Amino acid sequence: MNGKELFGLYVKRVGGRSRAAGLLGISVGMVGHIENGRRNVSINVAKKIEAASGGFLTRHDLRPDIFGAAANGPIHEAAVDPAEHVHPARKPHKHVHVRSRVAD
């Protein structure tokens, strides 16, 4: 999966463009531009997604052109869990998380 597809998966899993925009501090329009491939995930947004997803989506997964490829290979879709997303102003969820990566 490329950064655009991973970002689209993230948006879907957190509940849509509006929710993703609010969680990431960007406009709904920018979310749409990234999803549609008109814009790339910025460095700042990639870092926010990495932190908010507890590392399931890393900056390396989202922007390998800037940060280099992820050490463990591309992330598997099943690893992205919306319960993982923790907004800094919100209390973290109490869930058991399993990290899953696809082998090269």
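Residues in the stretch 23-40 that are touching a residue at least 24 places away in the same chain (Cβ under 8 Å) and either basic (Lys, Arg) or more than 11 Å from Phe7 (Cβ to Cβ) (or both): Leu23 only. In the stretch 20-40, of all residues being within 13 Å of the chain's Cα centre (by Cα) and assigned to a helix (DSSP H, G or I), the one that is nearest to Gly68 (Cα to Cα) corresponds to Ile34. May I ask you to list the residues in the stretch 41-67 that are over 15 Å from Glu5 (Cβ atoms), modelled with pLDDT of 85 or more and not in a helix (DSSP H, G or I)? Ser42 - this is the single residue of the stretch 41-67 that is over 15 Å from Glu5 (Cβ atoms), modelled with pLDDT of 85 or more and not in a helix (DSSP H, G or I). The residue pairs whose first member lies in the stretch 47-71 and is without any contact (Cβ under 8 Å) to a residue 12 or more places away in the chain, whose second member is surrounded by fewer than 16 Cβ atoms within 10 Å (Cβ to Cβ), and whose beta carbons are closer than 7 Å, counting only pairs six or more residues apart or on different chains, are His60/Gly68; His60/Ala69.
The values are calculated or read from the model by the stated rules, or taken from the named source; none is laboratory data. Keep in mind that what you see is a predicted model, and the values were worked out from it rather than measured. Because the Cβ atoms are built from the backbone with ideal geometry, glycine has one as well, and the counts that use them run over all protein chains shown.
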